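Worksheet: the structure to be examined is printed underneath.
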């Protein structure tokens with residue numbers, strides 16, 4: 001995958017996260033000065049991982065949240081109907097749905113033919129982190145967002161180039 005296609009994917013995933021979140025009642029702001037190659041995530045308690053495959057593309061998109069971010073997103077997306085309890089599978093599935101919507105929009109907007117996403121895998125626990133692959137040709141990016149209602153969300157993208 002060329003650098004231009006990679007840059008398009010990273011930008012499209014970031015803008016899709018912003019627009020989908022806004023539509024769901026969650027105001028996020030990209031912390032531009034902290035965008036980085038590699039994986040730079042702190043204090044996460046939940047991760048939703050979606051695989052991106054097909055059309056010559058292989059990669060993952062992971063949404064990671066700290067406790068305050070998890071609470072803010074679940075409360076906003078459910079209209080306050082679901083309590084943001086990390087032990088409740090219904091509450092954690094809200095984040096899985098967010099990752100589905102963001103990935104779907106990003107792939108639609110990038111107009112990539114034959115690319116699909118896997119169902120989200122939800123991981124919970126204290127201090128979750130993602131370990132970047134050391135394989136040749138794997139590029140990792142972290143897009144950190146602050147959430148107006150409180151907390152942080154990290155979008156970690158990994159693509160085989």
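The values are calculated or read from the model by the stated rules, or taken from the named source; none is laboratory data. What you are looking at is a predicted structure, and each value in this text was computed from that prediction instead of being measured. Here the Cβ positions follow ideal geometry from the backbone for every residue, glycine too, while neighbour counts run over all protein chains shown.
Name the residue that is nearest to residue 36 (Cα to Cα), counting only residues in region 1-21 that are touching a strand residue (DSSP E or B) at 6+ places or on another chain (Cβ under 7 Å) and modelled with pLDDT under 85.
Step by step, filter region 1-21, then rank; the result is 6.
Which one of these does residue 122 not meet: (1) in contact with a helix residue (DSSP H, G or I) (Cβ under 9 Å, 6 or more places away or on another chain); (2) touching a residue at least 12 places away in the same chain (Cβ under 8 Å); (3) outside any strand (DSSP E or B)?
So the condition that residue 122 fails would be (3).
Go through 62, 39 for me and flag whichever is surrounded by 15 or more Cβ atoms within 10 Å (Cβ to Cβ) and at pLDDT 95 or above.
62
If residue 107 satisfies every condition in (1) over 11 Å from residue 48 (Cα atoms); (2) surrounded by 20 or more Cβ atoms within 10 Å (Cβ to Cβ); (3) at pLDDT 95 or above but one, which is the exception?
Residue 107 satisfies every listed condition except (3).
Could you list, in sequence order, the residues of region 125-156 that are outside any loop (DSSP other than H, G, I, E, B), touching a helix residue (DSSP H, G or I) at 6+ places or on another chain (Cβ under 6 Å) and at pLDDT 95 or above?
143, 144, 147, 152, 153, 155
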